[in-house]
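Pasting a structure below so you can have a look.
Nothing in this text is a laboratory measurement; each read-out follows from the coordinates by a stated rule. Small disclaimer: the values here were computed from a predicted structure and weren't measured. Glycine also receives a Cβ, built like all others from the backbone with ideal geometry; neighbour counts cover every protein chain displayed.
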Amino acid sequence: MNATIAKFGYPATLIAEFDHWVVLLRAAQPTLGSLILAAKSDATAFGDLPVAAHTELKTVTATIEAALSQAVDYAKINYLMLMMVDPHVHFHVIPRYEGERTGGGVTVPDAGWPGQPDLGKAVKLDGALDDVRDWLRGLFDGGMA
């Protein structure tokens, strides 16, 4: 795994693993169910990923969207490829909804709804990280895709 994946807490935050991608729980939740979708590659540009990684992205995003739909019944979903500090290819996946959602023992409002996600008001999971991770992992085809 590359340094970006490690920085986002792998393996403790692992939700699902695919051939070219990992889905990680985001430790700071701007909305409940916020994830990191990270390429296993050392590529630092999206276009530098192998063709197989781009092809697999269809399956990965469909899996994410099905699981998060069950988890938080989102109205929209944002895939943010920020890559300003962490150089390897990754997305911040932010499910969007009006109001708040509860799961894994945590309640998180969407403070930015209906505008841009308010990353500065993210709820830090701290002691609840394992509970939220396990709750979401259970919605990803039994844990590992």
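Return the whole-Å distance between the Cα centroid of segment 2-34 and the Cα centroid of segment 114-135.
Using only Cα atoms, the two centres lie 12 Å from each other.
On C-alpha positions alone, give me the angle between the axis of helix 51-72 and the longest principal axis of the chain, in degrees, nearest 10.
10
Additional query: With a/c under 1.5 counting as rounded, go ahead and sort segment 101-140 into rounded, prolate or oblate using the C-alpha gyration tensor (a ≥ b ≥ c being the square roots of the eigenvalues; past the cut-off, prolate if a/b is larger than b/c, else oblate). Display every interim value, and only then the final one.
On the way: a/c = 2.57, a/b = 1.79, b/c = 1.43.
Because a/c hits 1.5 or more and a/b exceeds b/c, segment 101-140 counts as prolate.
Continuing with this model, one more query. So for the chain, if I pair up every lysine 8 or more residues apart or on another chain, how many of those pairs have alpha-carbons under 18 Å apart?
Numbers: Lys7/Lys40; Lys7/Lys124; Lys40/Lys58; Lys58/Lys76.
Lysine pairs satisfying the spacing and distance rule in the chain number 4.
Here is a further query. Quick check on segment 3-137: what does the Kirkwood estimate of hydrodynamic radius come out to from the alpha carbon pairs, in Å? It would help to have the intermediate numbers written out before the result.
Working: mean 1/r = 0.0672 Å⁻¹.
It is 14.9 Å.
Can you give the charge dipole size of the chain about its Cα centre, rounded to the nearest 20 debye, using +1 on the beta carbon of Lys and Arg and -1 on the beta carbon of Asp and Glu? Don't jump to the answer; show the numbers that get you there.
Values: 11 positive and 17 negative charges, 38 e Å.
Charge dipole of the chain: 180 debye, to the nearest 20.
Please find the FRET efficiency linking Tyr79 to Asp131, where r is the Cβ-Cβ separation and R0 is fixed at 22 Å, and quote it to the nearest 0.05.
Working: r = 25 Å, r/R0 = 1.14.
That pair, Tyr79 with Asp131, gives E of 0.30.
Determine, from the Cβ-Cβ distance of Lys124 and Thr59 and an R0 of 22 Å, the FRET efficiency 1/(1 + (r/R0)^6), rounded to the nearest 0.05.
On the way: r = 31 Å, r/R0 = 1.40.
With R0 = 22 Å, the Cβ-Cβ based efficiency is 0.10.
Quick check: net charge around Ile5, other residues with Cβ under 12 Å of its Cβ, Lys/Arg +1 and Asp/Glu -1? Walk me through the numbers on the way to the answer.
Values: positive: Lys7, Lys40; negative: Glu17, Asp42, Asp86.
Summing Lys and Arg as +1 and Asp and Glu as -1 gives -1.
How much length, in nm to one decimal, is gained on full extension between Asp141 and Ala28, taken as 0.36 nm per residue of separation minus their Cα-Cα distance? Provide the component values of the computation, followed by the final result.
Details: separation 113, 0.36 × 113 = 40.68 nm, distance 2.39 nm.
Result: 38.3 nm gained on full extension.
While we're looking at this one, here's another question. Any chance you could run the full-extension gain for Asp19 through Lys7? It's 0.36 nm times the residue separation minus the Cα-Cα distance, nm to one decimal.
Stretched out fully, the Asp19 to Lys7 stretch lengthens by 2.3 nm.
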